[in-house]
Amino acid sequence: MDLDFWFFFNNILLGFGLAMDAFSVSLANGLNEPKMKMPKMCLTSGVFALFQFAMPMIGWICVSLFVSVFTQFEPFIPWIALALLCFIGGKMIFDCIKGNGEECGCKKTGILALLVQGVATSIDALSVGFTIADYNVWEALLGCGIIGILTFGICLGGIFIGKKAGTRLAGKAGLLGGIILILIGLEILITSFF
């Protein structure tokens, strides 16, 4: 494969498509934590970008080395994403209801929750390994790098938008963020059937 216009165009489109779930979760994180500072915003976006880079690369490695194992695991990917996002979203909703709206939306997202979100939003990108199976290792790294860079920028934008809306929604932001996470999990599962 040549590094021509179509290589970059296809990987940019792939990056935009894969980053949409991470964008939605970033939006929910911004809603949940409207006073998030720039270092945390970059860390959050960086975690999503890292996972969106790594998952297609892992998929490429799996396709290259052990196709049969990967194809057996693939049907479970949407269910895993649903379970992880429902857990995090349900916890946000529970914390919001339990707190009677007092601190709802102001609880900071910890690193463990951020890592789970990163896995949940990028696990479907494992299957991208099939679409880039004909790439050599350098092309796969470059293609996944494009996906990661786009994801970083898109997620940073999502956090900014969420923060703006979060300050306006004050006490209900955590509730809305939890609902968004659960809906994203359901969307991943439902679209896997089509």
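The values are calculated or read from the model by the stated rules, or taken from the named source; none is laboratory data. What you are looking at is a predicted structure, and each value in this text was computed from that prediction instead of being measured. When we count neighbours, we look across all protein chains shown, and the Cβ atoms used for this are built from the backbone with ideal geometry, even at glycine.
Details
- A search for C-beta distances below 6 Å between a residue of segment 78-99 that is closer than 12 Å to residue 176 by Cα and any residue that is among the small types (Gly, Ala, Ser) and surrounded by 20 or more Cβ atoms within 10 Å (Cβ to Cβ), counting only pairs 6+ apart in sequence or on different chains, returns 89/178; 92/174; 92/177; 92/178; 93/178; 96/174.
One line per residue, one yes/no per condition, for (1) in contact with a Gly (Cβ under 9 Å, 6 or more places away or on another chain); (2) without any contact (Cβ under 8 Å) to a residue 40 or more places away in the chain; (3) at positive phi; (4) not aromatic (Phe, Trp, Tyr):
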| site | (1), (2), (3), (4) |
| --- | --- |
| 3 | no, no, no, yes |
| 13 | no, yes, no, yes |
| 19 | yes, no, no, yes |
| 35 | yes, no, no, yes |
| 51 | yes, no, no, no |
| 57 | yes, no, no, yes |
| 60 | yes, no, no, no |
| 64 | yes, no, no, yes |
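- Against the numbered list (1) surrounded by fewer than 23 Cβ atoms within 10 Å (Cβ to Cβ); (2) modelled with pLDDT of 90 or more; (3) over 17 Å from residue 111 (Cα atoms), residue 20 comes up short only at (2).
- For segment 39-86, taking the residues that are among the aromatic types (Phe, Trp, Tyr) and assigned to a helix (DSSP H, G or I), the one that is surrounded by the most Cβ atoms within 10 Å (Cβ to Cβ) is identified as 48.
- Answer residue from segment 25-38, given it is polar (S, T, N, Q) and modelled with pLDDT of 85 or more and is surrounded by the fewest Cβ atoms within 10 Å (Cβ to Cβ) among those: 26
Residue-wise test of (1) modelled with pLDDT under 85; (2) within 18 Å of the chain's Cα centre (by Cα); (3) within 21 Å of residue 50 (Cα to Cα); (4) among the polar types (S, T, N, Q).
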{"site": "78", "(1), (2), (3), (4)": "yes, yes, yes, no"}
{"site": "94", "(1), (2), (3), (4)": "yes, no, no, no"}
{"site": "113", "(1), (2), (3), (4)": "no, yes, yes, no"}
{"site": "122", "(1), (2), (3), (4)": "no, yes, yes, yes"}
{"site": "130", "(1), (2), (3), (4)": "yes, no, yes, no"}
{"site": "134", "(1), (2), (3), (4)": "yes, no, no, no"}
{"site": "152", "(1), (2), (3), (4)": "no, yes, yes, no"}
{"site": "165", "(1), (2), (3), (4)": "yes, no, no, no"}
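- Residues being among the small types (Gly, Ala, Ser) and more than 12 Å from residue 114 (Cα to Cα) - total across segment 16-27: 3
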